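K.L.:
Below are the structure tokens for one structure; questions will follow.
The values are calculated or read from the model by the stated rules, or taken from the named source; none is laboratory data. The model shown is predicted, which means the values in this text are computed figures rather than measured ones. Because the Cβ atoms are built from the backbone with ideal geometry, glycine has one as well, and the counts that use them run over all protein chains shown. Ligands, DNA and RNA are stripped out before the accessible areas are found, and what is left, the full protein with its side chains, is counted by its heavy atoms. Shrake-Rupley method; radii C 1.70, N 1.55, O 1.52, S 1.80 Å.
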Amino acid sequence: MCGLVGMVGRKSVQYDLYDALSILQHRGQDAAGMVTCQGDTLNQRKGNGLVQDVFRQQHMNHLTGTMGIAHNRYPTAGTSSSAEAQPMYVNSPFGICLAHNGNLINDDKLNEDLFRADRRHINTSSDSEVLLNVFAHELQNVAGLRLSPDDIFKAVERVHERAVGAYAAVALITGYGIVGFRDPFGIRPMVFGKRETRDGIEYMITSESVVLDILGFELIDDVAPGEAIYIQSNGRLYRQQCATFTNYSPCIFEHVYFARPDSVIDGVSVYKARLKMGEKLADKILREYPNHDIDVVIPIPDTSCTAALPIAHRLGVKYREGIVKNRYVGRTFIMPEQEQRQKSVRRKLNAIDLEIRGKNVLLVDDSIIRGTTTKQVVQMARDTGAKNVYLASAAPAVRYPNVYGIDMPTANEFVANNRTEKEIAEYIGVNWLVYQDLDDLVSCAQGINERINRFDTSVFDGKYVTGGVDATYLNRIETLRNDGAKRRREADVIEFHNQI
Ligand code: PIN
């Protein structure tokens, strides 16, 4: 999962881009990068780590430019190598940098076509480098000596024809401007807004509306599926639908867990969607356990706190913050390896005896993926003296891999793999377990946006909105993603860097 931002300003933009990346830090903690453009010169800084570690004062001093793009990364398929940190750069035509959120599912084929037909070489295993080169190649084909908005829209149209998968991307074209585009399904989020200053209007394109909010930009709109936004360096904005076919199908997992609650995605408040998830889940608990004996509802922080509150309210029992999270330890779900994950859970979460001892506790989580965290928290509640432990998940059982840019484990690592709900409850160690129904989840995220046709719910039902995801592809990502393979790839990269 990644966060991205692009800006055309009236003054140097590096501090706004830095702030935007910090606001989007939850979308990726593995690497960060920024490119700014001053006249014909590109300034770049990227590296592994958190935003605050990658950019020091001396880098910021150097990153001058009135337009720029920036990116936070958590790798989905590639390595954690800093060579794959974004934005990525290609020299021809014009000098283009690109930052990408999502995952292409036909990158193997595109890679081959780029090499054989387009004479372009891809030097990393990153599908973002593939996307950049497809865009660059198509721009080269249509553009004359000078670049027009129409050339850009034609190039994006060709990208839509060639690329399959999820891509929300911002590109910077040296000396010309920045371009934001979203795949024809609108799987990953993207918004744009404007800010009026004494010197004129400034524009920003970014992953989540919260960035616009905090930095004083007024939201103009979501970038529509298939649409491209072009902001010239002189501050003129153009927008155009570039896809012949679109099917508005945003990723529902943004609402379940990834996005910040204070963001509005495709016109739907993430916070509101999470509140509704709690209401629907409470109704289901009441249907399945009308005579429940729950004493207290306790969220496993942070995301699930929003859904847990209306659950307690509807059940008519106390809501208590009985599990406390250390905010200074990274998210366990997105830590690279199993051993690290297990160790860090105990460091990260702790139980409050007073709220748990002798009680029947309903724990609430936003989702259950591997079940490792959940199992340990349940054990923690039992060790703290809970009488009975129940569990409610604001999302249905995760059973299928994500191919659209969320770094999830392989299917056989899911706790729900080949287990019934009863078996999952046994494995995790709870007395009973209630999952949200998929229809209910969809109704929570649908909100009032009638433009949304459906959601990408593939991790729950195996239906991939773009098509083209077959057993061969799933096997390929399975090999790329399992922890052992990741470790080996990283070792290769280190060896390579040591040799040169
Ligand atoms: C954690 C959000 N959320 C917690 C992420 C745990 C699955 N996990 C997905 C639950 S936070 S597990 O709110 O961002 O802190 O099923 O893989 O054990």
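K.L.:
Take the residues in the stretch 278-309 that are of a type in the set (Asp, Glu) and over 15 Å from Tyr257 (Cβ atoms); name whichever of them is farthest from the ligand (Cβ to nearest atom).
P.N.:
By that ranking, first place goes to Asp293.
K.L.:
Please state which one of Ala169, Ala117, Ala155 is free of Cβ contacts under 8 Å to residues at least 60 places away in the same chain, within 16 Å of Gln241 (Cα to Cα) and either in contact with a Phe, Trp or Tyr (Cβ under 7 Å, 6 or more places away or on another chain) or surrounded by fewer than 19 Cβ atoms within 10 Å (Cβ to Cβ) (or both).
P.N.:
Among Ala169, Ala117, Ala155, only Ala155 is free of Cβ contacts under 8 Å to residues at least 60 places away in the same chain, within 16 Å of Gln241 (Cα to Cα) and either in contact with a Phe, Trp or Tyr (Cβ under 7 Å, 6 or more places away or on another chain) or surrounded by fewer than 19 Cβ atoms within 10 Å (Cβ to Cβ) (or both).
K.L.:
Taking Ser126 and the conditions (1) surrounded by 24 or more Cβ atoms within 10 Å (Cβ to Cβ); (2) at pLDDT 95 or above, which numbered condition does it fall short on, given that it satisfies the others?
P.N.:
(2)
K.L.:
If you don't mind, there's one more thing I want to ask. Given the residues Tyr74, Tyr89, which is the only one that is modelled with pLDDT under 95, of a type in the set (Phe, Trp, Tyr) and crowded, with 16+ Cβ neighbours inside 10 Å?
P.N.:
Within the list Tyr74, Tyr89, the selection yields Tyr74.
K.L.:
Please specify each residue of the stretch 4-60 satisfying the condition of being within 16 Å of the ligand (Cβ to nearest atom) and of a type in the set (D, E, K, R).
P.N.:
Scanning the stretch 4-60 gives Arg27, Asp30.
K.L.:
I'd like the full set of residues that are modelled with pLDDT under 95, in contact with a Ser or Thr (Cβ under 8 Å, 6 or more places away or on another chain) and open to solvent by less than 30 Å² (accessible area, probe 1.4 Å), limited to the stretch 293-342.
P.N.:
Selection gives Thr332, Arg341.
K.L.:
So which of Ala171, Ala136, Ala143 is touching a helix residue (DSSP H, G or I) at 6+ places or on another chain (Cβ under 9 Å) and at pLDDT below 95?
P.N.:
Only one candidate passes the filter, namely Ala143.
K.L.:
Mind checking which residues of the stretch 236-255 are surrounded by 21 or more Cβ atoms within 10 Å (Cβ to Cβ) and within 23 Å of Leu21 (Cβ to Cβ)?
P.N.:
Result: Pro250, Cys251, Phe253, Glu254, His255.
K.L.:
Has the stretch 263-277 got at least one residue that is in contact with a Leu (Cβ under 8 Å, 6 or more places away or on another chain), within 16 Å of the ligand (Cβ to nearest atom), not basic (Lys, Arg) and not in a loop (DSSP other than H, G, I, E, B)?
P.N.:
So far as the stretch 263-277 goes, yes, one or more of its residues are in contact with a Leu (Cβ under 8 Å, 6 or more places away or on another chain), within 16 Å of the ligand (Cβ to nearest atom), not basic (Lys, Arg) and not in a loop (DSSP other than H, G, I, E, B).
K.L.:
Based on what the data block shows, is Glu138 assigned by TED's automatic domain parsing to the domain that holds Pro93 and open to solvent by 20 Å² or more (accessible area, probe 1.4 Å)?
P.N.:
no
K.L.:
Okay, moving on. Quick one: in the stretch 186-227, which of the residues that are assigned to a strand (DSSP E or B) and either touching a His at 6+ places or on another chain (Cβ under 6 Å) or among the small types (Gly, Ala, Ser) (or both) is nearest to His26 (Cα to Cα)?
P.N.:
Within the stretch 186-227, the subset assigned to a strand (DSSP E or B) is 191-197, 200-206, 218-222, 227.
Right, trim to either touching a His at 6+ places or on another chain (Cβ under 6 Å) or among the small types (Gly, Ala, Ser) (or both) and you get 193, 200.
On the way: Gly193: 21, Gly200: 31 Å.
Here the residue is Gly193.
K.L.:
Looking at (1) over 29 Å from Glu161 (Cβ atoms); (2) in contact with a strand residue (DSSP E or B) (Cβ under 8 Å, 6 or more places away or on another chain), can you tell me which one Met88 breaks?
P.N.:
(1)
K.L.:
If you don't mind, there's one more thing I want to ask. Which condition does Glu450 not pass, out of (1) within 15 Å of the ligand (Cβ to nearest atom); (2) under 28 Å from Ser263 (Cβ atoms), if it passes all the others?
P.N.:
Condition (1) is where Glu450 drops out.
K.L.:
Still on this structure: Consider only pairs whose beta carbons are under 8 Å apart and that are at least six residues apart or on different chains; among these, list those whose first residue lies in the stretch 456-485 and is farther than 14 Å from Gly165 by Cβ and at pLDDT 90 or above and whose second residue is open to solvent by less than 20 Å² (accessible area, probe 1.4 Å) and of a type in the set (S, T, N, Q).
P.N.:
Val459/Asn402; Lys463/Thr457
K.L.:
Further question: If the requirement is being under 17 Å from Phe253 (Cα atoms) and not small (Gly, Ala, Ser), which of these qualifies: Tyr176, Tyr167?
P.N.:
Going through Tyr176, Tyr167 in turn, just one is under 17 Å from Phe253 (Cα atoms) and not small (Gly, Ala, Ser): Tyr167.
K.L.:
If you don't mind, another one. Only residues in the stretch 355-376 that are on the phi > 0 side of the Ramachandran plot and free of Cβ contacts under 8 Å to residues at least 60 places away in the same chain count as the first member; pair them with residues that are within 16 Å of the ligand (Cβ to nearest atom) and open to solvent by 30 Å² or more (accessible area, probe 1.4 Å), Cβ under 7 angstrom, at least 6 apart or cross-chain, and list the lot.
P.N.:
Pairs found: Gly371/Tyr427.
K.L.:
To continue, here is another question. Pick from Ala416, Ala397: which is assigned to a loop (DSSP other than H, G, I, E, B) and in contact with a Gly (Cβ under 9 Å, 6 or more places away or on another chain)?
P.N.:
Selected residue: Ala416, the only one of Ala416, Ala397 that is assigned to a loop (DSSP other than H, G, I, E, B) and in contact with a Gly (Cβ under 9 Å, 6 or more places away or on another chain).
K.L.:
Would you be able to tell me the number of residues in the stretch 310-326 that are within 14 Å of the ligand (Cβ to nearest atom) and either more than 29 Å from the chain's Cα centre (by Cα) or under 19 Å from Tyr271 (Cα atoms) (or both)?
P.N.:
So the count comes out to 1.
K.L.:
Can you find a residue that is over 30 Å from Ile311 (Cβ atoms) and either open to solvent by 20 Å² or more (accessible area, probe 1.4 Å) or within 16 Å of the ligand (Cβ to nearest atom) (or both) anywhere in the stretch 202-209?
P.N.:
Yes, the stretch 202-209 has at least one match.
K.L.:
Helices (runs of 4 or more DSSP H) wholly in the stretch 1-64 with at least 3 residues that are under 24 Å from Gly102 (Cα atoms) - which ones?
P.N.:
Numbers: elements: 14-23, 51-54, 57-62.
Because the criterion is at least 3 residues that are under 24 Å from Gly102 (Cα atoms), the helices (runs of 4 or more DSSP H) in the stretch 1-64 that meet it are 14-23, 51-54.
K.L.:
Let me ask another. Val377 is checked against (1) within 12 Å of the ligand (Cβ to nearest atom); (2) open to solvent by 10 Å² or more (accessible area, probe 1.4 Å); (3) not in a loop (DSSP other than H, G, I, E, B) and fails just one. What number does that condition carry?
P.N.:
Checking Val377 against (1) within 12 Å of the ligand (Cβ to nearest atom); (2) open to solvent by 10 Å² or more (accessible area, probe 1.4 Å); (3) not in a loop (DSSP other than H, G, I, E, B), the one that fails is (2).
K.L.:
Being of a type outside the set (Ser, Thr, Tyr), more than 12 Å from the ligand (Cβ to nearest atom), open to solvent by 20 Å² or more (accessible area, probe 1.4 Å) and without any contact (Cβ under 8 Å) to a residue 12 or more places away in the chain is the requirement here; does Glu426 meet it?
P.N.:
The answer is yes for Glu426.
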